[in-house]
Amino acid sequence: MTAKGGYTHAPETLGPLTVSAGLRANAARTPGKVALECAGVSLTYRELVGRVDRVVDWVRELGVSRGDRVAVIAPNCLPYIELVAGIADAGAAAVTVNYRLGPGEIRGILRDCDARMAFVHPTLEEVVRKAIAGEPAIQLAHCVSLDSTYEARVSIAGETPAGLNRDEWLPFSVPYTSGTTGAPKGVMISHRSRSMSFYGMSVEYGCFNSQSRFLALAPLCHGAGFAFAYAPLYFGGSVTLLQRFDAENVLRLLHEGKHDGVFMVPTHFEAIFALPGEVLEACRGHALRAIISNASRLVQPLKERIVAYFGEGLLHETYGSTEAGIVCNMRPELQLAKRECVGLPFLGNVVELRDAEGRPVAEGEPGELFSRNMTGFNGYWGNPEATAEAVGEGGWISVGDIARRDEDGYLYIVDRKKDVIISGGINIYPREIEAVIETLEGVREVAVTGKPDEKWGEAVKAFVVRSEAPPITEDDILAACRDHLAGFKVPREVTFIDSLPRNASGKIMRRALPS
(Lines give C-alpha, C1' and ligand atoms only; values in the text may rest on other atoms or scores of the structure.)
Protein backbone atom coordinates (compact mmCIF):
# COMPACT_ATOMS: atom_id res chain seq x y z
CA MET A 1 0.00 0.00 0.00
CA THR A 2 1.54 3.28 -1.14
CA ALA A 3 0.84 6.89 -0.39
CA LYS A 4 2.36 10.18 -1.47
CA GLY A 5 5.97 10.19 -0.37
CA GLY A 6 6.29 6.43 0.25
CA TYR A 7 4.84 3.47 2.11
CA THR A 8 2.25 3.70 4.84
CA HIS A 9 3.70 0.50 6.28
CA ALA A 10 6.35 -2.07 5.45
CA PRO A 11 5.45 -3.81 2.16
CA GLU A 12 4.47 -7.46 2.38
CA THR A 13 7.22 -8.28 -0.11
CA LEU A 14 9.82 -7.68 2.61
CA GLY A 15 10.49 -10.52 5.03
CA PRO A 16 10.46 -9.51 8.69
CA LEU A 17 13.66 -9.39 10.76
CA THR A 18 12.56 -11.97 13.31
CA VAL A 19 14.94 -14.10 15.35
CA SER A 20 13.75 -17.32 13.69
CA ALA A 21 13.99 -15.96 10.13
CA GLY A 22 17.58 -17.17 9.80
CA LEU A 23 16.79 -20.58 11.28
CA ARG A 24 13.93 -21.11 8.86
CA ALA A 25 15.95 -19.96 5.84
CA ASN A 26 18.74 -22.35 6.79
CA ALA A 27 16.29 -25.23 7.28
CA ALA A 28 15.18 -24.69 3.68
CA ARG A 29 18.73 -24.24 2.32
CA THR A 30 20.71 -26.86 4.28
CA PRO A 31 18.12 -29.00 6.08
CA GLY A 32 20.50 -31.86 6.86
CA LYS A 33 23.33 -29.76 8.25
CA VAL A 34 24.01 -30.06 11.99
CA ALA A 35 22.92 -26.81 13.63
CA LEU A 36 23.24 -27.48 17.34
CA GLU A 37 25.02 -30.04 19.51
CA CYS A 38 24.73 -30.30 23.28
CA ALA A 39 25.68 -33.10 25.66
CA GLY A 40 26.20 -35.57 22.83
CA VAL A 41 22.85 -34.86 21.12
CA SER A 42 22.82 -33.19 17.69
CA LEU A 43 20.02 -31.46 15.81
CA THR A 44 19.98 -30.65 12.12
CA TYR A 45 18.37 -27.45 10.93
CA ARG A 46 15.32 -29.42 9.80
CA GLU A 47 15.01 -31.03 13.23
CA LEU A 48 15.63 -27.80 15.13
CA VAL A 49 12.98 -25.84 13.22
CA GLY A 50 10.55 -28.75 13.60
CA ARG A 51 11.00 -28.60 17.37
CA VAL A 52 10.57 -24.82 17.35
CA ASP A 53 7.27 -25.35 15.52
CA ARG A 54 6.10 -27.77 18.21
CA VAL A 55 6.90 -25.16 20.87
CA VAL A 56 4.77 -22.63 18.97
CA ASP A 57 1.84 -25.07 18.87
CA TRP A 58 2.24 -25.99 22.54
CA VAL A 59 2.36 -22.49 24.01
CA ARG A 60 -0.62 -21.43 21.91
CA GLU A 61 -2.52 -24.50 23.07
CA LEU A 62 -1.77 -23.48 26.67
CA GLY A 63 -3.27 -20.04 26.12
CA VAL A 64 -0.23 -17.89 25.34
CA SER A 65 -0.97 -15.10 22.89
CA ARG A 66 0.70 -12.09 21.30
CA GLY A 67 2.43 -9.85 23.81
CA ASP A 68 2.48 -12.35 26.68
CA ARG A 69 5.61 -13.18 28.69
CA VAL A 70 6.80 -16.77 29.13
CA ALA A 71 9.55 -17.50 31.65
CA VAL A 72 12.40 -19.87 30.85
CA ILE A 73 14.23 -20.97 34.00
CA ALA A 74 17.02 -23.38 33.11
CA PRO A 75 20.78 -23.76 32.80
CA ASN A 76 22.24 -24.25 29.33
CA CYS A 77 20.47 -27.18 27.68
CA LEU A 78 19.29 -28.27 24.26
CA PRO A 79 15.68 -27.00 24.67
CA TYR A 80 16.74 -23.45 25.61
CA ILE A 81 17.31 -22.07 22.12
CA GLU A 82 14.26 -23.77 20.61
CA LEU A 83 12.11 -22.45 23.46
CA VAL A 84 13.15 -18.83 22.99
CA ALA A 85 12.64 -19.06 19.21
CA GLY A 86 9.28 -20.85 19.53
CA ILE A 87 7.90 -18.49 22.16
CA ALA A 88 8.92 -15.56 19.94
CA ASP A 89 7.32 -17.09 16.83
CA ALA A 90 4.08 -17.34 18.81
CA GLY A 91 4.24 -13.57 19.32
CA ALA A 92 5.20 -13.75 23.01
CA ALA A 93 8.49 -12.86 24.72
CA ALA A 94 10.78 -15.23 26.62
CA VAL A 95 11.77 -13.97 30.06
CA THR A 96 15.18 -15.59 30.43
CA VAL A 97 15.51 -15.88 34.21
CA ASN A 98 18.93 -16.41 35.75
CA TYR A 99 18.79 -20.01 36.93
CA ARG A 100 21.20 -19.30 39.83
CA LEU A 101 18.80 -16.96 41.59
CA GLY A 102 17.13 -17.88 44.85
CA PRO A 103 13.35 -18.29 45.33
CA GLY A 104 12.88 -14.70 46.48
CA GLU A 105 14.71 -13.26 43.48
CA ILE A 106 12.81 -15.48 41.04
CA ARG A 107 9.58 -14.49 42.76
CA GLY A 108 10.37 -10.82 42.22
CA ILE A 109 11.01 -11.30 38.49
CA LEU A 110 7.92 -13.45 37.88
CA ARG A 111 5.79 -10.93 39.75
CA ASP A 112 7.33 -8.02 37.85
CA CYS A 113 6.97 -9.47 34.35
CA ASP A 114 3.52 -11.01 34.93
CA ALA A 115 4.57 -14.25 33.25
CA ARG A 116 1.76 -16.24 31.66
CA MET A 117 3.60 -19.56 32.03
CA ALA A 118 7.06 -20.96 32.69
CA PHE A 119 9.31 -23.68 31.33
CA VAL A 120 11.47 -25.01 34.15
CA HIS A 121 14.44 -27.37 34.18
CA PRO A 122 13.78 -30.45 36.37
CA THR A 123 16.67 -29.54 38.69
CA LEU A 124 15.01 -26.20 39.47
CA GLU A 125 11.41 -27.26 40.02
CA GLU A 126 11.68 -27.12 43.82
CA VAL A 127 13.21 -23.62 43.73
CA VAL A 128 10.44 -22.36 41.45
CA ARG A 129 7.72 -23.97 43.59
CA LYS A 130 9.10 -22.08 46.59
CA ALA A 131 9.16 -18.89 44.53
CA ILE A 132 5.49 -19.02 43.60
CA ALA A 133 4.10 -20.60 46.78
CA GLY A 134 1.48 -18.36 48.40
CA GLU A 135 1.91 -15.66 45.77
CA PRO A 136 -1.48 -14.77 44.29
CA ALA A 137 0.17 -11.94 42.35
CA ILE A 138 2.04 -14.53 40.25
CA GLN A 139 -0.57 -15.85 37.84
CA LEU A 140 1.31 -18.71 36.16
CA ALA A 141 -1.31 -20.61 34.20
CA HIS A 142 1.14 -23.45 33.50
CA CYS A 143 4.56 -24.53 34.77
CA VAL A 144 6.08 -27.02 32.32
CA SER A 145 9.05 -29.20 33.24
CA LEU A 146 11.76 -29.77 30.64
CA ASP A 147 11.61 -33.52 31.27
CA SER A 148 10.81 -36.57 29.16
CA THR A 149 7.25 -35.32 28.65
CA TYR A 150 8.61 -32.14 27.07
CA GLU A 151 10.95 -34.16 24.87
CA ALA A 152 8.16 -36.44 23.69
CA ARG A 153 5.98 -33.44 22.79
CA VAL A 154 8.56 -31.47 20.77
CA SER A 155 9.83 -34.57 18.95
CA ILE A 156 6.47 -35.16 17.23
CA ALA A 157 6.56 -34.21 13.55
CA GLY A 158 3.98 -31.74 12.31
CA GLU A 159 3.18 -28.93 9.91
CA THR A 160 4.58 -25.42 10.28
CA PRO A 161 2.10 -23.48 12.43
CA ALA A 162 0.02 -20.82 10.73
CA GLY A 163 0.29 -17.15 11.61
CA LEU A 164 3.89 -17.00 12.83
CA ASN A 165 4.84 -13.63 14.23
CA ARG A 166 5.93 -11.12 11.56
CA ASP A 167 6.21 -8.03 13.76
CA GLU A 168 9.93 -7.29 14.01
CA TRP A 169 9.37 -4.53 16.57
CA LEU A 170 7.70 -6.88 19.04
CA PRO A 171 9.89 -7.94 22.01
CA PHE A 172 11.18 -11.47 21.53
CA SER A 173 13.02 -11.57 24.86
CA VAL A 174 12.97 -9.86 28.24
CA PRO A 175 16.24 -10.58 30.06
CA TYR A 176 16.59 -8.94 33.46
CA THR A 177 19.52 -6.68 34.31
CA SER A 178 22.05 -7.96 36.80
CA GLY A 179 21.05 -5.50 39.50
CA THR A 180 24.59 -4.26 40.22
CA THR A 181 23.26 -0.74 40.88
CA GLY A 182 19.67 -1.43 41.93
CA ALA A 183 16.71 -3.76 41.51
CA PRO A 184 16.80 -5.89 38.32
CA LYS A 185 14.77 -4.47 35.43
CA GLY A 186 13.24 -6.32 32.48
CA VAL A 187 14.85 -5.20 29.22
CA MET A 188 12.54 -5.55 26.22
CA ILE A 189 14.60 -6.56 23.18
CA SER A 190 12.84 -6.55 19.83
CA HIS A 191 13.30 -9.01 16.99
CA ARG A 192 14.68 -6.23 14.83
CA SER A 193 17.18 -5.08 17.45
CA ARG A 194 18.62 -8.55 17.94
CA SER A 195 18.65 -9.30 14.21
CA MET A 196 20.58 -6.11 13.50
CA SER A 197 23.03 -7.09 16.26
CA PHE A 198 23.64 -10.38 14.48
CA TYR A 199 24.46 -8.63 11.19
CA GLY A 200 26.84 -6.27 12.95
CA MET A 201 28.53 -9.17 14.74
CA SER A 202 28.96 -11.03 11.48
CA VAL A 203 30.76 -8.07 9.91
CA GLU A 204 32.86 -7.17 12.94
CA TYR A 205 34.04 -10.53 14.25
CA GLY A 206 34.38 -12.57 11.08
CA CYS A 207 33.24 -15.80 12.76
CA PHE A 208 29.49 -15.66 12.30
CA ASN A 209 28.56 -17.07 8.90
CA SER A 210 27.50 -20.33 7.24
CA GLN A 211 30.94 -21.82 7.92
CA SER A 212 30.96 -20.96 11.63
CA ARG A 213 31.80 -23.61 14.21
CA PHE A 214 31.20 -21.74 17.44
CA LEU A 215 31.78 -22.90 21.00
CA ALA A 216 29.06 -21.45 23.26
CA LEU A 217 29.67 -21.72 26.99
CA ALA A 218 28.26 -18.56 28.62
CA PRO A 219 24.83 -18.80 30.31
CA LEU A 220 22.00 -18.39 27.79
CA CYS A 221 19.92 -16.57 30.40
CA HIS A 222 22.10 -13.48 29.87
CA GLY A 223 21.62 -11.28 26.82
CA ALA A 224 25.19 -11.64 25.57
CA GLY A 225 25.32 -15.37 26.26
CA PHE A 226 22.22 -15.95 24.16
CA ALA A 227 23.27 -13.57 21.36
CA PHE A 228 26.69 -15.11 20.83
CA ALA A 229 25.27 -18.64 20.90
CA TYR A 230 22.42 -17.86 18.52
CA ALA A 231 24.26 -15.71 15.94
CA PRO A 232 25.93 -18.68 14.16
CA LEU A 233 22.53 -20.36 13.82
CA TYR A 234 21.06 -17.20 12.30
CA PHE A 235 23.60 -17.45 9.47
CA GLY A 236 23.69 -21.21 8.98
CA GLY A 237 26.73 -22.18 11.05
CA SER A 238 27.06 -24.84 13.74
CA VAL A 239 27.12 -24.41 17.52
CA THR A 240 28.44 -26.61 20.29
CA LEU A 241 26.59 -25.63 23.45
CA LEU A 242 28.18 -26.51 26.78
CA GLN A 243 25.89 -27.16 29.72
CA ARG A 244 28.43 -25.75 32.16
CA PHE A 245 31.86 -24.16 32.07
CA ASP A 246 34.84 -26.34 32.89
CA ALA A 247 38.15 -24.60 32.15
CA GLU A 248 40.15 -27.69 31.21
CA ASN A 249 37.35 -29.12 29.07
CA VAL A 250 37.01 -25.81 27.19
CA LEU A 251 40.74 -25.61 26.56
CA ARG A 252 40.88 -29.19 25.28
CA LEU A 253 37.88 -28.61 22.98
CA LEU A 254 39.56 -25.55 21.48
CA HIS A 255 42.81 -27.50 21.10
CA GLU A 256 40.99 -30.12 19.01
CA GLY A 257 40.63 -27.46 16.30
CA LYS A 258 36.93 -27.98 15.60
CA HIS A 259 35.81 -24.46 16.60
CA ASP A 260 36.64 -21.12 15.00
CA GLY A 261 35.02 -18.78 17.53
CA VAL A 262 34.38 -18.53 21.26
CA PHE A 263 32.87 -15.98 23.62
CA MET A 264 34.15 -15.80 27.21
CA VAL A 265 33.96 -13.37 30.10
CA PRO A 266 37.04 -12.40 32.16
CA THR A 267 36.31 -14.93 34.91
CA HIS A 268 36.48 -17.71 32.30
CA PHE A 269 39.95 -16.62 31.27
CA GLU A 270 41.03 -16.37 34.90
CA ALA A 271 39.95 -19.98 35.44
CA ILE A 272 41.81 -21.15 32.34
CA PHE A 273 45.08 -19.53 33.40
CA ALA A 274 44.71 -20.98 36.88
CA LEU A 275 45.09 -24.46 35.37
CA PRO A 276 48.36 -26.32 35.95
CA GLY A 277 51.19 -25.32 33.63
CA GLU A 278 51.41 -28.78 32.08
CA VAL A 279 47.73 -28.58 31.04
CA LEU A 280 48.22 -25.14 29.47
CA GLU A 281 51.27 -26.36 27.55
CA ALA A 282 49.55 -29.54 26.36
CA CYS A 283 46.58 -27.54 25.01
CA ARG A 284 48.45 -24.91 23.03
CA GLY A 285 47.20 -24.58 19.47
CA HIS A 286 43.70 -24.06 18.07
CA ALA A 287 41.77 -23.08 14.94
CA LEU A 288 40.17 -19.93 16.33
CA ARG A 289 39.47 -16.92 14.14
CA ALA A 290 38.03 -14.80 16.93
CA ILE A 291 37.97 -14.69 20.73
CA ILE A 292 35.32 -12.30 22.06
CA SER A 293 35.19 -10.96 25.61
CA ASN A 294 32.36 -8.99 27.18
CA ALA A 295 30.29 -8.49 30.39
CA SER A 296 33.10 -6.90 32.42
CA ARG A 297 36.43 -5.37 31.51
CA LEU A 298 39.59 -7.32 30.81
CA VAL A 299 42.31 -5.94 33.06
CA GLN A 300 45.47 -5.22 31.10
CA PRO A 301 47.65 -8.02 32.58
CA LEU A 302 44.95 -10.59 31.75
CA LYS A 303 44.52 -9.17 28.26
CA GLU A 304 48.26 -9.49 27.65
CA ARG A 305 48.24 -13.08 28.87
CA ILE A 306 45.36 -13.99 26.54
CA VAL A 307 47.24 -12.58 23.55
CA ALA A 308 50.49 -14.28 24.60
CA TYR A 309 48.82 -17.68 24.98
CA PHE A 310 46.28 -17.77 22.13
CA GLY A 311 48.18 -15.51 19.72
CA GLU A 312 47.77 -12.08 18.17
CA GLY A 313 45.02 -11.08 15.78
CA LEU A 314 42.20 -12.86 17.65
CA LEU A 315 41.00 -11.01 20.74
CA HIS A 316 38.05 -8.61 20.59
CA GLU A 317 36.99 -6.79 23.73
CA THR A 318 33.44 -5.59 23.37
CA TYR A 319 31.69 -2.97 25.47
CA GLY A 320 27.92 -2.69 25.58
CA SER A 321 24.82 -3.19 27.67
CA THR A 322 21.65 -5.23 27.56
CA GLU A 323 19.79 -1.98 26.80
CA ALA A 324 21.98 -0.62 23.99
CA GLY A 325 23.45 -3.81 22.59
CA ILE A 326 27.07 -3.71 21.44
CA VAL A 327 28.29 -0.12 21.65
CA CYS A 328 31.96 -0.42 20.73
CA ASN A 329 34.65 -3.00 20.10
CA MET A 330 38.42 -3.10 20.55
CA ARG A 331 39.76 -4.97 17.57
CA PRO A 332 42.74 -7.34 17.80
CA GLU A 333 45.33 -5.24 16.01
CA LEU A 334 45.54 -2.58 18.74
CA GLN A 335 44.78 -4.65 21.83
CA LEU A 336 48.22 -4.15 23.35
CA ALA A 337 48.93 -0.69 21.96
CA LYS A 338 45.82 0.94 23.47
CA ARG A 339 45.85 0.02 27.14
CA GLU A 340 42.53 -0.33 29.01
CA CYS A 341 40.72 0.61 25.79
CA VAL A 342 37.33 -0.66 24.58
CA GLY A 343 37.82 0.49 21.00
CA LEU A 344 35.78 2.37 18.44
CA PRO A 345 31.99 2.60 18.09
CA PHE A 346 30.44 -0.59 16.71
CA LEU A 347 28.89 -0.82 13.28
CA GLY A 348 25.98 1.65 13.02
CA ASN A 349 26.71 3.28 16.40
CA VAL A 350 27.16 6.95 17.19
CA VAL A 351 28.65 7.77 20.59
CA GLU A 352 28.62 11.05 22.51
CA LEU A 353 30.31 11.86 25.83
CA ARG A 354 28.49 14.54 27.84
CA ASP A 355 28.97 16.44 31.08
CA ALA A 356 26.35 16.82 33.82
CA GLU A 357 24.65 19.63 31.85
CA GLY A 358 24.42 17.52 28.69
CA ARG A 359 27.23 19.31 26.84
CA PRO A 360 29.90 17.41 24.85
CA VAL A 361 33.15 17.06 26.79
CA ALA A 362 36.60 17.84 25.42
CA GLU A 363 38.99 15.19 24.16
CA GLY A 364 40.47 13.28 27.08
CA GLU A 365 37.86 14.52 29.56
CA PRO A 366 35.46 12.07 31.26
CA GLY A 367 31.80 12.25 30.33
CA GLU A 368 28.67 10.12 30.48
CA LEU A 369 28.50 7.80 27.47
CA PHE A 370 25.40 8.05 25.27
CA SER A 371 24.89 5.89 22.19
CA ARG A 372 22.38 5.78 19.37
CA ASN A 373 22.21 2.75 17.14
CA MET A 374 20.15 0.06 15.40
CA THR A 375 20.23 -2.31 18.36
CA GLY A 376 18.62 -0.37 21.21
CA PHE A 377 15.94 -1.82 23.45
CA ASN A 378 12.21 -1.10 23.51
CA GLY A 379 12.35 0.08 27.12
CA TYR A 380 12.07 -1.52 30.54
CA TRP A 381 9.04 -3.74 31.06
CA GLY A 382 6.44 -1.91 33.16
CA ASN A 383 8.90 0.80 34.20
CA PRO A 384 8.43 4.00 32.15
CA GLU A 385 10.31 6.07 34.75
CA ALA A 386 13.49 4.00 34.40
CA THR A 387 13.05 3.99 30.61
CA ALA A 388 12.86 7.78 30.55
CA GLU A 389 16.04 7.95 32.65
CA ALA A 390 17.94 5.64 30.27
CA VAL A 391 16.62 6.95 26.93
CA GLY A 392 16.94 10.63 26.19
CA GLU A 393 15.59 12.87 23.46
CA GLY A 394 16.38 11.53 20.01
CA GLY A 395 16.77 7.95 21.23
CA TRP A 396 20.14 8.40 22.93
CA ILE A 397 20.71 5.57 25.44
CA SER A 398 22.82 5.76 28.59
CA VAL A 399 23.26 3.16 31.32
CA GLY A 400 25.37 5.49 33.44
CA ASP A 401 28.90 4.65 32.30
CA ILE A 402 31.61 7.32 32.30
CA ALA A 403 34.14 7.26 29.45
CA ARG A 404 36.80 9.37 27.78
CA ARG A 405 37.94 9.55 24.16
CA ASP A 406 41.56 9.85 22.97
CA GLU A 407 42.95 11.80 20.04
CA ASP A 408 42.32 8.86 17.69
CA GLY A 409 38.68 8.53 18.68
CA TYR A 410 39.15 5.41 20.80
CA LEU A 411 37.04 5.02 23.93
CA TYR A 412 38.04 4.13 27.48
CA ILE A 413 35.48 3.28 30.16
CA VAL A 414 36.44 5.28 33.24
CA ASP A 415 33.75 4.01 35.60
CA ARG A 416 30.07 3.67 36.28
CA LYS A 417 28.37 6.92 37.19
CA LYS A 418 26.96 5.38 40.37
CA ASP A 419 30.38 4.03 41.41
CA VAL A 420 32.10 7.42 41.34
CA ILE A 421 33.53 8.36 44.74
CA ILE A 422 33.00 11.99 45.75
CA SER A 423 35.61 12.99 48.33
CA GLY A 424 35.84 16.62 49.40
CA GLY A 425 33.72 17.57 46.38
CA ILE A 426 36.14 15.91 43.94
CA ASN A 427 35.12 13.04 41.64
CA ILE A 428 37.37 10.00 42.01
CA TYR A 429 37.01 7.13 39.53
CA PRO A 430 37.65 3.70 41.13
CA ARG A 431 38.90 2.13 37.91
CA GLU A 432 41.83 4.52 37.71
CA ILE A 433 42.99 3.30 41.11
CA GLU A 434 42.24 -0.34 40.29
CA ALA A 435 44.34 -0.06 37.14
CA VAL A 436 47.39 0.79 39.27
CA ILE A 437 46.86 -1.89 41.90
CA GLU A 438 46.04 -4.75 39.55
CA THR A 439 49.41 -4.46 37.79
CA LEU A 440 51.26 -5.34 41.00
CA GLU A 441 52.72 -8.79 41.45
CA GLY A 442 50.86 -10.56 44.20
CA VAL A 443 47.49 -9.03 43.29
CA ARG A 444 44.91 -11.26 41.65
CA GLU A 445 41.88 -8.95 41.75
CA VAL A 446 40.94 -5.58 43.17
CA ALA A 447 37.81 -3.50 43.65
CA VAL A 448 37.83 0.09 44.89
CA THR A 449 34.83 1.68 46.59
CA GLY A 450 34.00 4.69 48.74
CA LYS A 451 33.42 4.42 52.46
CA PRO A 452 31.62 7.05 54.59
CA ASP A 453 33.96 9.70 56.00
CA GLU A 454 32.89 12.50 58.37
CA LYS A 455 35.41 15.00 57.02
CA TRP A 456 35.48 14.26 53.28
CA GLY A 457 32.07 12.68 52.72
CA GLU A 458 33.68 9.57 51.23
CA ALA A 459 37.14 8.06 51.45
CA VAL A 460 38.78 5.56 49.10
CA LYS A 461 38.88 1.92 50.18
CA ALA A 462 40.49 -0.96 48.25
CA PHE A 463 39.53 -4.62 48.48
CA VAL A 464 42.34 -6.86 47.25
CA VAL A 465 42.43 -10.58 46.46
CA ARG A 466 46.00 -11.83 46.73
CA SER A 467 47.51 -14.24 44.23
CA GLU A 468 49.46 -17.21 45.51
CA ALA A 469 52.84 -15.48 45.15
CA PRO A 470 54.69 -13.29 45.73
CA PRO A 471 53.33 -11.95 49.04
CA ILE A 472 52.10 -8.37 48.99
CA THR A 473 51.25 -6.02 51.87
CA GLU A 474 49.11 -2.95 52.39
CA ASP A 475 52.27 -0.82 52.47
CA ASP A 476 53.31 -2.17 49.05
CA ILE A 477 49.95 -1.24 47.57
CA LEU A 478 49.84 2.22 49.11
CA ALA A 479 53.41 2.96 47.99
CA ALA A 480 52.53 2.07 44.38
CA CYS A 481 49.44 4.26 44.52
CA ARG A 482 51.45 7.22 45.85
CA ASP A 483 53.90 6.79 42.97
CA HIS A 484 51.20 6.91 40.30
CA LEU A 485 48.22 8.81 41.71
CA ALA A 486 47.37 12.14 43.27
CA GLY A 487 47.27 12.04 47.06
CA PHE A 488 43.47 12.32 47.30
CA LYS A 489 43.12 9.16 45.17
CA VAL A 490 45.34 6.99 47.37
CA PRO A 491 43.23 4.49 49.38
CA ARG A 492 42.81 5.29 53.03
CA GLU A 493 42.32 1.61 53.73
CA VAL A 494 43.22 -1.72 52.09
CA THR A 495 41.31 -4.87 53.02
CA PHE A 496 42.45 -8.31 51.87
CA ILE A 497 39.63 -10.75 51.07
CA ASP A 498 39.41 -14.26 49.59
CA SER A 499 37.25 -13.31 46.60
CA LEU A 500 35.21 -10.44 45.19
CA PRO A 501 31.42 -10.83 45.15
CA ARG A 502 30.15 -11.32 41.60
CA ASN A 503 26.82 -11.95 39.97
CA ALA A 504 26.21 -14.84 37.59
CA SER A 505 27.45 -12.84 34.59
CA GLY A 506 30.80 -12.20 36.25
CA LYS A 507 30.28 -8.54 37.17
CA ILE A 508 31.61 -7.35 40.52
CA MET A 509 28.83 -6.53 42.98
CA ARG A 510 30.32 -3.44 44.63
CA ARG A 511 27.22 -2.97 46.74
CA ALA A 512 27.96 -6.30 48.42
CA LEU A 513 31.36 -5.10 49.65
CA PRO A 514 31.44 -3.80 53.25
CA SER A 515 31.81 -0.03 53.60
Run the numbers on segment 234-341 and let me know its relative contact order in percent, using alpha-carbon pairs under 8 Å that are six or more apart. 22 percent
What size of dipole, in debye to the nearest 20, comes out for segment 199-301 about its Cα centre when the only charges are +1 on Lys and Arg C-beta atoms and -1 on Asp and Glu C-beta atoms? 200 debye
A student applying the Cα gyration tensor rule (rounded when a/c is under 1.5; otherwise prolate if a/b is larger than b/c, oblate if not) would label segment 327-459 oblate
May I ask you to derive the FRET efficiency for Glu493 and Ser145 from their Cβ-Cβ distance with R0 = 51 Å, giving the value to the nearest 0.05? 0.55
Could you tell me which residue out of Phe269, Leu347, Pro470 lies farthest along the dipole of the chain toward its positive end? Charges go on the beta carbon: Lys and Arg +1, Asp and Glu -1, centred on the Cα centre. Leu347
Fraction of antiparallel bridges per DSSP, the chain only, in percent to nearest 5: 60 percent
Restricting to Cα pairs below 8 Å that are 6+ residues apart, what does the relative contact order work out to for the chain? Please round to a whole percent. 11 percent
Percentage relative contact order, segment 357-515, counting C-alpha pairs under 8 Å, at least six apart: 16 percent
Between rounded, prolate and oblate, where does segment 80-161 land on the alpha carbon gyration tensor, with a ≥ b ≥ c its root eigenvalues, rounded for a/c under 1.5, else prolate if a/b exceeds b/c? prolate
Could you compute the longest span of the chain free of trypsin sites (Lys or Arg not before Pro) located in DSSP loops and having at most 10 other Cβ atoms within 10 Å, not counting the site residues? 5-243
Once segment 397-455 is represented by equal point scatterers at the alpha-carbon sites, with solvent omitted, what log10 I(q)/I(0) does the Debye formula produce at q = 0.19, 0.22 Å⁻¹? -0.83, -0.99
Let a ≥ b ≥ c be the square roots of the eigenvalues of the Cα gyration tensor of the chain; is it rounded (a/c under 1.5), or, if not, prolate (a/b larger than b/c) or oblate? prolate
Loop-resident GluC sites (Glu not before Pro) in segment 355-449 with no more than 13 other Cβ atoms inside 10 Å, DSSP not H/G/I/E/B, are Glu357, Glu363, Glu407, Glu441
In debye, nearest 20: dipole of the chain around its Cα centre with unit charges on the Cβ of K, R (+) and D, E (-)? 1040 debye
Just in segment 152-251: which GluC sites (Glu not before Pro) are loop by DSSP and have at most 11 other Cβ atoms within 10 Å? Glu159
Note down the nm distance, to one decimal, between modelled labels 7 Å out along Cα→Cβ at Ile426 and at Ser467. 3.1 nm
Roughly how many debye, to the nearest 20, is the charge dipole of segment 397-515 about its Cα centre, given +1 on each Lys and Arg Cβ, -1 on each Asp and Glu Cβ, and no other charges? 580 debye
Which of Asn209, Ala512, Ala308 sits closest to the plus end of the dipole of the chain, meaning its Cα is farthest towards the positive end, when Lys and Arg get +1 and Asp and Glu get -1 on the C-beta? Asn209
Past the 19 Å Cα-Cα mark, which pairs from Lys417/Lys461; Lys258/Lys507; Lys303/Lys461; Lys130/Lys185; Lys185/Lys451; Lys418/Lys461? Lys258/Lys507; Lys303/Lys461; Lys130/Lys185; Lys185/Lys451
Probe 1.4 Å, protein heavy atoms only - accessible area per residue of the chain in square angstrom: 43 Å²
Would you be so kind as to identify which of Pro122, Ala137, Ala93 lies farthest towards the positive end of the dipole of segment 87-182, taking Lys and Arg as +1 and Asp and Glu as -1 on Cβ and the Cα centre as origin? Ala137
FRET efficiency for Glu281 and Trp169 from the Cβ-Cβ distance with R0 = 60 Å, rounded to 0.05, comes out at 0.70
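The values are calculated or read from the model by the stated rules, or taken from the named source; none is laboratory data. Fair warning: this is a prediction, and the values are worked out from it, not measured in the lab. Positions of Cβ are generated from backbone atoms using ideal geometry, with glycine treated the same way; all protein chains shown enter the neighbour counts. The area values use the complete protein model at the heavy-atom level, side chains included, leaving out ligands, DNA and RNA. Shrake-Rupley method; radii C 1.70, N 1.55, O 1.52, S 1.80 Å.
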